[in-house]
Amino acid sequence: MHDVRTDPVALNPYEMGFAENPYPTYKRLRDEAPVFHNRDLNFWALSRFDDVSAAHRDHLTFSSAGGVTIEGMDAYAPLLIVKDMPEHRWHKALVTKVFSPARMGALEPFIRNLVVSLLEAAAQEDEFDFVQQFALQVPLQVISELIGIPTEYRAEIHHLTNKMLFRDKNSSMEDIGATMEAANTIYRGLVRERRAKPREDPISYLIQSEIEDDDGIIRRLTDDEMAFRFGELAAAGHETVAKTIPNGAMAFQSFPSEREKLLNNPGLIGNTIEEVLRFDPPSQLQGRTTTRDVELHGVTIPKGSKTMLLTGAAMHDERKFATPDIFDISRKPHAESIFFGLGIHRCLGIHLAKLELRIVFEELFSRYPQFEVDTSRATRAILSNVRGVASLPARLRS
C-alpha cells in the first residue's frame, strides 16, 4: 500500500469550469487518478463506474452519516439521506409508501394537463425561458401537489432550496444553515397545520403512521423529523427533474439525428429517458465517509475521509459504455444505472421522476417537434452536488 501520488489532474466542483463542462476532467480522472484527493477541500473522489457502483452498495464502508455534500453540514440534520442502518430501514419504510408505483400512476392526468398548459402558454411567446417557465415548473408543481405544499409557498420553497445548493467564493456555512432554517420554519408550520387538520395527502399520512424498528420499538416521526422529511421530499422531488428536462432538450439540440429518431419511433421514449439521465445526469456527485481504510488502485483512502462518488464520471466510463460522449437514444440501458443511486439510498422518487420526464418529452415532441433551445445563451450557477442550467432561451415550433 502507498499514499496518493502528486495529483496529475485537478477536480474542484466549485469552479465555474466544472459547472460548464466537467466531462473532460472526468475522463482524465478515470484514466490518470481513479482515486483522487483534493487536499484544499479535503475530499477524495471515485470516478470509474465499477468503483462508484461498489461504493454505493457497500454502505458499511462508505457511510452516509457524515453527510452527502463536500462540507458535510447536512450530517447534523435528521435527513433520511444521511441515515445508516438500522435506523435508515424504518425511516425509509415509512416514506416508501408515499412513492408507490400506484400512487405515482394516479398523478399522470395531473402531470399531463400541467405540461400541456405550460407548453401552450409558452407557445404564445416568440421566445421564453425553458427553465424558469417550463422545466422548473413541472416538478415543482407536481411534488408540491403530491405532498401538499400550498400554492403560496411554492416559489419561496424553490428559492430557498436553490439558495441552499448555491456555492460561490462568498458562500458560508452560516448562510446555508440560515437558509435551511428559513425553509424548515415553513415546513414546521405546515406540519403543525396537518396535525391539527389532517388531509388526504402523504404528509398527513406520515404524521399518523408508525412502524416497528429492529429492536421492536414502535416509532413515529417527531415534528422536527417531519419538517425535514417535508423539505427533503420537496427538494429532491423537484431540483433533479428540473435540471434533467433542459439537459435533455440541449442534448437533442446538439444531436439532431436523435430528434429524428424519436420522431420516427415514439416507442423509444423509455430508452430516451434513460439516455438523457446517463448523458448528463443532474446529480453529479454523492458524498460518503469511509469507516475504515480503503485501498483501491494502489491508493489508500484513510478511515474517516469524505469520499465523493462521481455519478457524472461513472456514466461516461468507456469501460462500461461504448462512445459514452455520444447521445444515443437507441443505446440499450445499462442494467445498473446509478443516476438514481444504488443500495439502501436508491432514490425513492424513481417512478415519479421517470413519469414526469416521459410525459414532458412525449408532449414536447408530439406538439412542437421542431422546438429549439439556444445552448449558446444558457446560463449556469455553481451548485453543491447537482448540475444544470439556470436559464435557457427557447422557441416552440410545430
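FYI, it's all coordinate maths here, none of it is from the lab. Worth saying up front: this structure is predicted, and the values here are computed from it rather than measured. Glycine also receives a Cβ, built like all others from the backbone with ideal geometry; neighbour counts cover every protein chain displayed.
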- Expressed in nm to one decimal, what extension gain is obtained for the pair His159 and Arg346 from 0.36 nm per residue of sequence separation less their Cα-Cα distance? 64.7 nm
- Item | Other-chain or far-sequence residues with amide H under 5 Å of Phe371's (modelled H) | Arg397
- Item | Cα gyration tensor, the stretch 266-398 - rounded (a/c under 1.5), prolate or oblate | prolate
- Query: When we measure straight from the Cα of Lys303, which lysines land under 21 angstrom away, once same-chain ones fewer than 8 places off are left out?
  - Reply: Lys83
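Under 1.5 on a/c is rounded, so check that first for the stretch 14-142, then, if it is not, pick prolate when a/b is larger than b/c and oblate when it is not; a ≥ b ≥ c are the square roots of the alpha carbon gyration tensor eigenvalues.
It comes out oblate by the Cα gyration axes.
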- Tabulate in residue order the Karplus-calculated ³J(HN,Hα) for the stretch 313-318, using 6.51 cos²θ - 1.76 cosθ + 1.60 with θ = phi - 60°, rounded to whole Hz; enter x for Gly and Pro. 6, 4, 6, 10, 6, 4
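For the stretch 16-395, what relative contact order do you get, as a whole percent, if you take Cα pairs closer than 8 Å and at least 6 residues apart? List each step's numbers first, then the result.
Numbers: 570 pairs, mean separation 111.3, N = 380.
Reported as a whole number, the value is 29 percent.
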- Task: Would you mind putting 259-266, 310-317, 247-254 in packing order, based on average other-beta-carbon counts within 10 Å, highest first?
- Result: 310-317, 247-254, 259-266
- Which of the lysines could a cross-linker span from Lys261 if the Cα-Cα distance has to be under 17 Å and same-chain partners fewer than 8 positions apart are dropped? Lys332
- What length, rounded to one decimal in nm, is gained on full extension from Glu318 through to Val116, with 0.36 nm per residue of separation minus their alpha-carbon distance? 68.9 nm
- Item | Note, ³J(HN,Hα) from phi for the stretch 177-191, Karplus 6.51, -1.76, 1.60, rounded to Hz, x at Gly and Pro | x, 5, 5, 4, 5, 4, 5, 5, 4, 5, 5, 4, x, 5, 5
- Task: Kindly list the residues of the stretch 281-299 that lie in the label zone of Asp50, defined by a backbone N under 20 Å from the point 7 Å along the Cα-to-C-beta vector.
- Result: 294-299
- Note on the structure: In deg cm²/dmol, rounded to the nearest 500, the helical mean residue ellipticity at 222 nm of the chain, built from -39500 (n - 2.57) for every DSSP H run of length 4 or more, is -14500 deg cm²/dmol
- Step through the residues of the stretch 11-26 one at a time and calculate ³J(HN,Hα) from phi using the Karplus curve (6.51 cos²θ - 1.76 cosθ + 1.60, θ = phi - 60°), rounding each to whole Hz and writing x for Gly and Pro. 9, 9, x, 9, 9, 4, x, 5, 4, 6, 6, x, 5, x, 5, 4
- Message: Run the reach check for Lys163 against lysines, Cα to Cα strictly under 21 Å, same-chain hits fewer than 8 apart removed. What comes back?
- Response: Lys243
- Task: About the Cα centre of the chain, how large is the charge dipole given +1 on each Lys and Arg Cβ and -1 on each Asp and Glu Cβ? Please answer in debye to the nearest 20.
- Result: 440 debye
- Message: Between the stretch 334-373 and the stretch 233-307, how far is it from one alpha carbon centroid to the other, in angstrom?
- Response: 10 Å
